[in-house]
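Have a look at the structure below before the remarks.
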Amino acid sequence: MTPIDRPRRSALYLPASNAKALAKARTLPCDVVILDLEDAVAPEAKEEARAAAVAAIAQGGFGHREVAIRVNGLDTEWGAADLAAVAGSKADAVLVPKVNGPQDIDRLQDALSGAPEAMQLWAMIETCASVFALEPIAAKARSTRLSLWIMGLNDLAKEMRAQSVPERTPFLPFLSMAVAAARAHGVTVLDGVCNEFRDLGVFEAEARQGLLFGFDGKSLIHPAQIEPCNTVFSPSEADLGWAASVIAAFALPENKGKGAIKVDGKMTELLHLEQARRLVAVAEQIAASV
Ligand code: COA
Ligand code: MG
């Protein structure tokens, strides 16, 4: 079985300039914390936010949570200094916005040459150019620090001049293509944010849609979204019940050596056995991660 990545069900953004949110993030049940220097931070506060993000990581206290810093784009006046500051920190990852193609990953890889070996490169998929280069971008994961993508549907909507509706109709082709490209090269892939943070019903429906498409988790903007997100992206009791039946059925002496059997009235193949084992392994990883 392919090794299971650590859980990345819930990735909470917060403006690195918001000291209260920084303190609170250390207590929240999210798998990933993203200290934002980009869209959530006003131009006047960029330098202060950069210093606060680096200081927060040096101070620690994030426990089992992975911590990433989202830098400003390399073509902005802050990008190079942001990247240098993250490279000199103990962040688990640097998240880079507005990646357009594989050449950007090469540039970032070079810019991170002095960063700790374990530091990962994460990329936002949020430009019109990037959706036509999904596979070549993902392929860079084989030779660079690239390991994870996050969909940025607010920026994609802006560039496309598309409207944001709960069904997310304008973006559905990109969501499936992004998941397929990511899977082709072993990249973890997280869904975009739901701006509606007061109505958790709307949030949960969108999270379930992301699960349906195959995402590993979802990016979040508010603490209230964490628990429902973790629930959606954890194997359910029903999933684990199914997995146990499939594993038990294939273990029966009469099914030894068979490729396709009947479980609960349904055709079940060895590929389902692999899926069942994966679900169990994911549940074990989640249990071990808290
Ligand atoms: N991370 C950590 N803590 C957060 C948080 C976040 N993303 N969003 C809110 N909180 C905290 C608040 O500080 C407040 O803490 P308190 O209970 O100790 O006072 C509590 O959660 C409740 O916040 P609430 O009043 O409901 O929200 P708000 O009106 O203060 O903020 C937003 C709303 C949208 C401005 C805020 O959630 C936010 O900044 N989200 C992230 C935005 C972002 O990073 N965007 C970039 C990526 S799309
Ligand atoms: Mg953005």
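The values are calculated or read from the model by the stated rules, or taken from the named source; none is laboratory data. Quantities reported herein were computed from a predicted structural model and do not represent experimental measurements. Using ideal geometry, Cβ is built from the backbone for each residue, glycine included, and neighbour counts are taken over all protein chains shown. Areas reflect the complete protein model, heavy atoms only, side chains present, ligands, DNA and RNA absent. Shrake-Rupley method; radii C 1.70, N 1.55, O 1.52, S 1.80 Å.
Total residues in the stretch 143-152 satisfying the condition of being more than 14 Å from Asp191 (Cα to Cα) and either near ligand 2 (Cβ under 10 Å from one of its atoms) or not in a strand (DSSP E or B) (or both): the figure is 3. Contact annotation: residue pairs with Cβ atoms under 6 Å, 6 or more positions apart or on different chains, pairing a residue in the stretch 136-163 that is without any contact (Cβ under 8 Å) to a residue 60 or more places away in the chain with a partner that is in a strand (DSSP E or B) and within 10 Å of ligand 2 (Cβ to nearest atom), are Gly152/Met124. Scanning the stretch 1-21 for residues that are surrounded by 18 or more Cβ atoms within 10 Å (Cβ to Cβ), assigned to a loop (DSSP other than H, G, I, E, B) and away from ligand 2 (no atom under 15 Å from the Cβ) turns up Pro7, Arg8, Arg9, Ser17, Asn18.
Considering only the stretch 258-290, state which residues are more than 24 Å from Phe215 (Cα to Cα) and loosely packed, with under 14 Cβ neighbours inside 10 Å.
Looking only at the stretch 258-290, we keep the residues that are more than 24 Å from Phe215 (Cα to Cα), and these are 258-267.
Scanning the stretch 258-290 gives Lys258, Gly259, Ala260, Lys262, Asp264, Gly265, Lys266, Met267.
When Asp199, Asp155, Asp216 are checked against the criterion of being within 30 Å of Lys20 (Cα to Cα) and within 16 Å of ligand 2 (Cβ to nearest atom), Asp155 stands alone in meeting it. Keeping to the stretch 63-110, report how many residues are within 16 Å of ligand 2 (Cβ to nearest atom) and closer than 25 Å to Leu22 by Cα. Residues meeting the conditions: 16. For residues in the stretch 202-215 being open to solvent by 50 Å² or more (accessible area, probe 1.4 Å) and not hydrophobic (A, V, I, L, M, F, W, C), which is farthest from ligand 1 (Cβ to nearest atom)? Per the stated criteria, the residue is Arg208.
Quickly run through the stretch 22-60 and pick out the residues that are surrounded by fewer than 20 Cβ atoms within 10 Å (Cβ to Cβ) and over 25 Å from Glu77 (Cα atoms). The answer is Ala23, Lys24, Arg26, Thr27, Leu28, Pro29, Gln59, Gly60.
Within the stretch 216-234, being more than 16 Å from ligand 1 (Cβ to nearest atom) and touching an Asp or Glu at 6+ places or on another chain (Cβ under 9 Å) holds for Asp216, Thr231, Val232, Phe233. Total residues in the stretch 147-167 satisfying the condition of being open to solvent by less than 80 Å² (accessible area, probe 1.4 Å), over 17 Å from Ala178 (Cα atoms) and not aliphatic (A, V, I, L, M): the figure is 0. When residues in the stretch 111-124 are screened for being within 19 Å of Gly186 (Cβ to Cβ) and either within 16 Å of ligand 2 (Cβ to nearest atom) or open to solvent by 30 Å² or more (accessible area, probe 1.4 Å) (or both), 6 of them pass. Closer than 21 Å to Ala118 by Cα, open to solvent by less than 10 Å² (accessible area, probe 1.4 Å) and under 18 Å from the mean Cα position of the chain (by Cα): does that describe Val94? Yes. One residue is enough: does the stretch 66-89 have a residue meeting the conditions within 12 Å of ligand 1 (Cβ to nearest atom), under 20 Å from the mean Cα position of the chain (by Cα) and open to solvent by 10 Å² or more (accessible area, probe 1.4 Å)? The answer is yes, given that some residue of the stretch 66-89 is within 12 Å of ligand 1 (Cβ to nearest atom), under 20 Å from the mean Cα position of the chain (by Cα) and open to solvent by 10 Å² or more (accessible area, probe 1.4 Å).
Of the residues making up the stretch 219-233, those that are crowded, with 16+ Cβ neighbours inside 10 Å and more than 16 Å from ligand 2 (Cβ to nearest atom) are His222, Pro223, Gln225, Ile226, Pro228, Cys229, Asn230, Val232, Phe233. Looking at the stretch 28-50, I want the residues that are under 11 Å from Arg70 (Cα atoms) and have a partner that is assigned to a helix (DSSP H, G or I) and near ligand 1 (Cβ under 9 Å from one of its atoms) with Cβ atoms under 7 Å, at least 6 apart or on another chain. Which pairs are those? Matching pairs, first to second residue: Val33/Ala25.
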